[in-house]
Every structure is written in C-alpha cells, then in structure tokens.
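What follows is one structure encoded as structure tokens, with my remarks underneath.
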C-alpha cells in the first residue's frame with residue numbers, strides 16, 4: 001500500500017472552464033505555480049488520487065471548498081506528474097470534510113507532453129500582417145461602400161480646346177493643302193485642320209460651300225491641345241477659301257499620333273482610414289473593405305484592388321490617339337504584379353468621347369456625324385469582379401463556411417458578422433448605353449473620376465473586432481501559430497485534423513486525452529500567454 005503523501009491544491013479565480021474556449025500555454029511547473037498563487041487550501045497526506053475516478057473526499061471545510069473552481073493534485077510515490085482539474089461540484093459530508101467532484105483539465109494537464117504538427121489550419125492569428133499579404137475571402141458582412149475621397153484623375157483633358165475639321169477634299173491652290181494623311185500610324189481618308197476660334201471654323205465651312213464642296217466635310221469635333229500636340233502660340237497660318245478670308249488654321253501634323261499624355265505618373269495613394277476608422281488588422285485595408293473605383297462619367301466604371309499594385313500604390317498612364325472625337329485610354333501600368341512582371345493595359349477604361357459638331361451640308365452625313373459616336377457606349381470586358389460606382393443594392397447570399405455548431409464561442413459570433421448580402425454595383429461591362437460625352441464636355445467632366453471607396457466605419461469596427469478575436473481565415477496546411485502575438489493566439493484546425501501527437505519519452509499522452517485536445521483545436525480555441533489577461537480583448541494584441 002502506498003504512503004499517504006499525495007498532494008492536492010484547491011484554488012479560486014482560475015479563468016478556465018470546461019468549454020476550452022480559452023486555454024493557457026503554461027507548462028506544468030507554471031500551472032502549479034498559478035494554482036499555488038491562488039490556493040485556498042492544500043494538503044499532502046492523501047492516498048493515491050485517481051484521475052479517472054471523478055471525485056475525492058477531502059479534509060477541507062465545505063466553506064473553503066465552495067470558494068474554489070479549480071484544483072491540482074500529484075501522486076509522488078507513482079509519478080511526479082501533476083494533474084489539473086475543474087471543480088464541478090462540492091458535496092457536504094460533515095463539518096470537517098467535503099467531497100469534491102471534478103473533471104480533468106486535459107489541455108493544461110498534458111500541454112507540454114506533445115508537439116504540434118503541420119495540419120489544415122482554418123483560422124489563426126498571423127505572425128506577418130503586411131498589407132496585401134492576406135486576401136483570402138472571409139465571407140463577412142461589410143455593408144455598402146462610402147466615398148472616402150474623390151477627384152479628377154487628369155485635369156489636362158479639357159484645357160484649351162481646339163476645333164478639328166476633317167475634309168476629304170482640298171484644292172491645291174489653297175494654303176490648306178498637305179500630303180499628310182497618316183494619324184496615329186493609320187492612313188486617313190481625310191485631312192484634319194485645326195482652328196483656334198469658332199469664327200475661323202465657320203468661315204472654313206462656308207468657304208467649302210462657296211466652292212461646292214460642303215459635302216466633303218466628313219466630321220467636325222472638339223480636340224484638346226494636349227492631344228493635338230501642337231503649340232498654341234506658334235505655327236498658325238491665315239488664308240482664304242471661296243469668298244471667305246482671314247481663316248486662321250493649322251494642319252494637324254503627323255506628330256499627332258499616339259500621344260502619351262501621362263507616363264506612369266498618375267498616383268492614387270490608398271486611404272489610411274476606413275471612413276475615419278483606423279483598423280488594427282491590415283486585412284481591412286484590402287478588398288472588399290477598401291477599393292479604388294474609376295468612372296469615365298459616361299457609363300463605364302472599373303474597380304481596382306490596392307493590393308494588386310506594386311508597392312500597393314496605384315499608378316496609371318494616359319494615352320490618346322487622334323481620331324474623330326479622339327480616343328483616350330487610362331490604364332494601370334503596375335497592376336497584377338507577378339514575379340516582377342507588371343502589366344495593366346487591358347485593365348484600363350476609355351475616356352469619354354469629345355463632342356461632334358454640326359454644319360450645313362448633306363443631311364445623312366451630318367446625322368451620322370452627329371450621332372455615330374454617341375449612340376452606342378463602349379463595352380469593356382475588364383476582368384474585375386464588379387464595379388463600385390452606381391446604385392448600391394442588397395443581395396441575399398449564403399456565407400462561405402459555417403461555424404454554427406462549434407462550442408468554442410466562434411459559432412455565435414460568426415452568425416453576427418457573416419455576410420447576409422453583398423453590396424452590388426453597376427457592372428463595369430456596359431453595352432448599349434448612350435454615350436453622354438457631350439454632357440461631360442459641357443460640365444467639364446472629360447477627366448475620369450476616381451473614387452476611393454471603403455466600408456462604413458461601423459462595419460469596419462465590427463470586422464476589426466472579429467479579426468482581433470479570431471484572426472484570419474487561412475485554409476492552409478501549416479504548423480499552427482500557437483504563439484507570435486503579445487497576449488493571445490487563436491487557432492482553429494479542420495474538423496478531421498490532428499494538432500499533434502504525444503512525443504514525451506517518459507510518459508505518453510493517453511489516447512482519450514489526446515483526442516480531447518484535438519477536438520479543442522477543431523472547435524477553435526484562444527491560447528492565452530498570461531493568465532491575468534484571459535478575456536481582456538481590449539489589449540493591443542500586436543505581433544510579438
């Protein structure tokens with residue numbers, strides 16, 4: 001028969017319970033010290049204490065035992081192993097004894113008797129929260145977008161406008177004659193003549209009528225000086241045609257080809273707040289919580305994700321080609337980076353067409369000229385998920401993943417933040433829309449407009465608290481991050497996964513206990529690094 005030298009400590013205010021939603025990463029010696037620091041009573045004269053029995057008759061008073069919620073015991077004759085347990089119930093025997101019913105705390109009892117192994121990790125706190133590194137969809141409700149900032153992408157598209165007239169005929173004895181009919185590298189069937197003033201343009205149209213060639217005027221449109229690529233003060237001539245004199249003009253030169261208006265110097269830095277709120281978790285600065293939208297103000301919008309740009313900073317270029325009503329293209333030139341390769345031209349959007357003018361001449365030609373570029377909008381098959389601009393509508397949808405049956409605390413909270421609807425915007429593939437370039441021109445809106453869109457601060461705070469509590473969705477096979485944060489690390493592994501295996505050479509973890517430990521991680525648990533901080537989520541849980 002063994003000696004009566006088994007030890008027992010009953011203690012209070014231990015912030016652990018049988019749900020295992022909060023656990024401590026204390027080794028055995030530190031757990032014993034925690035129990036001693038919070039001890040109400042202790043003794044070392046007990047017979048062998050059986051961990052599987054579930055109760056023990058003690059010499060502690062009923063009053064002392066009622067104060068306690070946790071206990072530790074050891075059988076020195078058989079092992080130096082300490083066991084830790086939750087006190088489930090205290091039963092009064094008499095004035096000098098109390099029977100204590102308990103459940104072994106499997107996590108704390110066996111914490112340093114096994115090692116973690118790589119497994120499928122669903123959620124955890126990451127140890128590298130670099131902006132743009134974590135973009136895996138969370139399936140959380142983020143509400144509608146609001147505009148954090150807006151403005152013109154480029155202001156040089158509606159300054160010092162010229163009038164351009166395309167004509168298929170010019171008499172050789174006029175000062176307008178020129179062999180140049182190649183613009184933007186494309187042969188043109190017309191000559192393009194520039195006019196500073198409407199008076200000169202009107203005289204030219206009348207002069208063409210005077211000589212019987214009014215119908216040879218093919219088009220008339222506005223063009224900005226930046227695209228015409230000529231000097232406003234030099235190179236202009238004066239001449240006459242028919243009965244008209246004093247026509248100030250300039251032949252559009254061959255240099256008016258493909259014009260690079262801005263070369264990778266349009267920078268649109270990402271917002272530093274979400275509707276005024278500064279999140280603690282950098283994933284909130286990524287899509288879909290933070291996004292850049294650009295509209296050409298005539299029905300085409302594009303959406304860009306900051307994390308897809310080199311250095312997370314959107315940089316755009318602006319190019320143009322001379323054609324009726326001009327063709328202008330705005331595109332990101334450091335987008336969708338991959339192994340140092342940058343691109344983005346195909347992710348651009350067209351700028352609104354410049355207005356066509358009208359003149360006296362053939363009715364059908366004039367009708368086509370006035371309406372040809374204004375009937376159908378351009379369809380852009382941009383490879384973005386959905387546009388930001390336009391009306392915001394609610395769509396009901398199921399969230400990806402379910403935690404409803406999990407007893408770790410994440411289930412109920414996930415129901416509060418899971419995505420109930422996705423903000424739906426007018427898509428950036430627009431076809432059959434009337435191109436309202438004339439209105440844009442009249443209201444000085446030829447420049448595309450950028451919108452730095454974010455979710456509302458209300459939703460940002462809710463999601464930030466969720467990330468602070470439960471980390472990010474990972475869905476990878478890896479070694480779980482049980483440490484790395486200052487105060488706590490949350491870990492949840494797949495439902496069929498095992499966190500680790502017994503590796504202690506002196507005493508292995510019983511299979512039933514290891515299965516309970518695996519279940520704890522499958523349900524998800526918060527691993528605290530200091531007992532006093534358990535439950536205090538207001539702490540700044542930075543990467544240690």
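Some notes on this structure:
- Debye intensity ratio I(q)/I(0), log10, region 6-112, q values 0.11, 0.14 Å⁻¹ (C-alpha model): -0.29, -0.48
- Net length gained if the chain between residue 29 and residue 310 were fully extended (0.36 nm per residue, minus Cα distance): 96.2 nm
- Approximating the spin labels as points 7 Å out from Cα along Cα→Cβ, the residue 150-to-residue 97 distance works out to 8.0 nm.
- Beyond 14 Å, the tail of the calculated P(r) for region 97-138 holds 73 percent of the Cα pairs.
- Extended-chain gain in nm, criterion 0.36 nm per residue less alpha-carbon gap, residue 129 and residue 210: 21.8 nm
- Computing FRET efficiency as 1/(1 + (r/R0)^6) for residue 39 and residue 530, where r is the C-beta to C-beta distance and R0 is 25 Å, gives about 0.85.
- Binned Cα-Cα distances of region 68-184, short to long, each 10 Å bin given as a whole percent: 7, 14, 13, 11, 11, 10, 8, 6, 5, 6, 5, 2, 1
- Ratio Rg/Rh [Cα only; Rh per Kirkwood] for region 469-544: 1.00
- Simple spin-label estimate for residue 277 and residue 136 in nanometres, 7 Å along Cα-Cβ: 2.4
- For region 6-112, averaging the sequence separation of C-alpha pairs within contact (under 8 Å, six or more residues apart) and dividing by the residue count gives a relative contact order of 34 percent.
- Label-point separation in nm, residue 55 to residue 443, each point 7 Å along Cα→Cβ: 8.0
- In terms of Cα atoms, the Rg and Dmax of region 161-251 work out to 12.3, 35 Å.
- Using a Förster distance of 35 Å, the FRET efficiency for residue 115-residue 15 (Cβ separation, nearest 0.05): 0.85
- Note that region 189-317 carries a Kirkwood radius of 19.1 Å, evaluated over its alpha carbons pair by pair.
- Per-pair calculated FRET efficiency, R0 = 35 Å: residue 63 and residue 515 via Cβ, rounded to 0.05: 0.40
- Mean separation of Cα contacts under 8 Å, 6 or more apart, over the residue count of region 84-153: relative contact order %: 20
- Spatially, region 98-151 and region 188-263 are offset by 67 Å when compared through their Cα centroids.
- Normalised by 2.2 N^0.38 Å, where N is the number of residues, the C-alpha radius of gyration of region 294-346 stands at 1.28.
Any read-out appearing in this document is the output of simple, stated calculations on the displayed coordinates, not a laboratory observation. Quick caveat, the model's predicted, so the values are computed rather than measured. Methodologically, a virtual Cβ is constructed for each residue, glycine included, from the backbone with ideal geometry; neighbour enumeration extends over all protein chains shown.
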